[in-house]
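What follows is one structure encoded as structure tokens, with my remarks underneath.
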Amino acid sequence: MEEYTEVPVINSLEELIQKLRQIFKSDKIDVDYVTAVLSSYKSNPKDWKKYSIFDTHRYTRNLIDEGNGKYNLMALCWGESHGSSIHDHSNSHCFVKILEGQLKETRYNWPSESQGETEMNPSEISIYEKDQVAYMSDRIGLHRMENPSHVVGSVSMHLYIPPFSSCRTFDERTGHKRVAQVTFYSKYGERTPFGMNNNPISERVLHFEHCQKNDRSGGLGSAGFKRNKCGVSLLQRQLNDVDAIRS
């Protein structure tokens, strides 16, 4: 098994991919070393522009490299206020590097099945800036990722080892979980045919009304957003649950 001590200088996304393939020839995962390698790469839009494919209604998962079956490297594109549901990572390692803009991470402890329906409260909230790297795993807990900006989009690079095809999402109000299949909005810069929702506008109206009915004190909806943002946020999370998770 090859041991890595010196962190290389990574000058391009292609160099990063080649280094990751070298690292993951082994089954050993050195979280600190992988984090350092990802940090060594400084975001350059010329490298990842072809993978940054946005959608009006939800964030997108765009495959960059499959790592010979050892990992998935992808670009996630987040429009203004787009966010994920609370989710796990199917016992995989999750690394996140910000390529452009910001991401807000809200972490949660695992809900207790013995307590029945219990609201999930955040355990930690962090804001990540361009070129910062975060790490998450099921051992640490659950999380939700979202673009905190209502004005500009953001792009993040996610590395999952090993890759997975499904994960569990959690209802913040009850702790209930369900399995969600994960898919790609694009692969290697080419749009995939999945997830063409028939009528996203009508779903937006439905969930906006639901949000109003569940409005809490202070003018905040059940998702914790201001009322005029809440319906959009619920729609985004519902679409992401069905079509594609994560982070």
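All of the numbers you see were taken from the coordinates with simple rules; none came from a lab. As the structure is a computational prediction, the values presented were derived from the model and not from experiment. Cβ coordinates were reconstructed from backbone atoms using ideal geometry, including for glycine residues, and neighbour counts include every protein chain displayed.
With an 8 Å cut-off on Cα pairs and a minimum separation of 6 or more residues, tell me the relative contact order of segment 13-197 in percent. Could the numbers behind the result be given before it?
Details: 417 pairs, mean separation 51.1, N = 185.
RCO, segment 13-197: 28 percent.
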message: Show me the ranking of peptides 98-109, 16-27 by mean Cβ neighbours inside 10 Å, starting with the highest.
response: 98-109, 16-27
- prompt: Across segment 62-69, in residue order, what do the Karplus-derived ³J(HN,Hα) couplings come to in whole Hz, using 6.51 cos²θ - 1.76 cosθ + 1.60 with θ = phi - 60° and x for Gly and Pro?
  reply: 10, 6, 9, 7, 9, x, 6, x
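What order, most packed first, do the peptides 73-83, 51-61, 172-182 have when packing is the mean number of other Cβ atoms within 10 Å of each residue? Before the final figure, lay out each step's value.
Numbers: 73-83: 23.3, 51-61: 20.6, 172-182: 15.3.
Packing proxy ranking, top to bottom: 73-83, 51-61, 172-182.
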- prompt: Roughly what would the spin-label model give for S112 and T174, points 7 Å off Cα along C-beta, in nm?
  reply: 2.0
Cα-derived Rg over Rh, computed across segment 13-197 with Rh taken as Kirkwood radius: 0.95
- prompt: Counting every Cα pair in segment 83-160, what percent are over 22 Å apart?
  reply: 25
Simple label model, 7 Å out from Cα along Cβ direction - D27 to H150, nm: 5.0
